Amino acid sequence: ALAFGYSFIAGQKATAVRPSPPAVAVSGAISLQGPYFSDRDRISDRIIAAINHTRRTLDIAVYSLTQPEITAAIQAARRRGVHVRIVTDEEQALDRHSEIGYLRSIGVPVRLSEGFRGERSLMHDKFAVFDEELVETGSYNWTTSASNYNYENAILIRNPQVSSRYEEEFGRIWAQAR
């Protein structure tokens with residue numbers, strides 16, 4: 001395992017690599033739903049159902065959000081009093097199909113990230129944490145293209161240790177985003 005070290009990009013020494021917290025060793029109860037696949041399992045409906053069941057907090061780290069039905073569910077959650085936060089890729093948020101501008105306009109807290117190296121990096125995560133207990137993750141972008149054209153996947157995980165690790169990661173990305 002790499003603790004502190006250096007990586008090389010195009011022959012140039014890059015910044016030190018920080019150690020990652022240890023991987024989650026799951027003990028106790030875990031509930032897995034999936035894996036789900038975009039060409040046959042209606043992933044967006046599963047995400048919408050999870051949003052609709054959320055009562056307290058919803059933290060979303062997603063590369064791209066163009067799916068109007070998911071946006072409507074997020075808006076409804078906010079109206080129910082759910083504390084929603086979204087961090088997304090800065091460049092994708094400017095896409096003409098992005099729902100991010102709309103969500104910001106109705107008061108959803110949104111921060112934009114350029115990834116952890118800036119300029120040429122991406123905030124390419126695709127996960128959400130619902131009520132600090134359920135995680136949705138996978139390659140699935142929250143987009144119309146992901147639902148209608150792309151091969152994508154998602155899994156839902158209910159476990160306190162896994163949820164906590166994703167919440168920590170969300171907080172770290174949220175803190176560096178603007």
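Numbers for the structure displayed
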| quantity | calculated |
| --- | --- |
| Longest to shortest principal axis, alpha-carbon extents of segment 98-168, angstrom | 32, 30, 29 |
| Rounded accessible area per residue of segment 76-168, 1.4 Å, Å² | 53 |
| Solvent-accessible ranking of LEU156, LEU122, largest area first, probe 1.4 Å | LEU122, LEU156 |
| Rounded percent of accessible protein surface that carbon and sulfur make up, segment 34-178, 1.4 Å probe | 47 |
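The values are calculated or read from the model by the stated rules, or taken from the named source; none is laboratory data. The structure displayed is predicted, hence computed values, not measured ones. Surface accessibility is based on the protein's heavy atoms, side chains included, excluding ligands, DNA and RNA. Shrake-Rupley method; radii C 1.70, N 1.55, O 1.52, S 1.80 Å.
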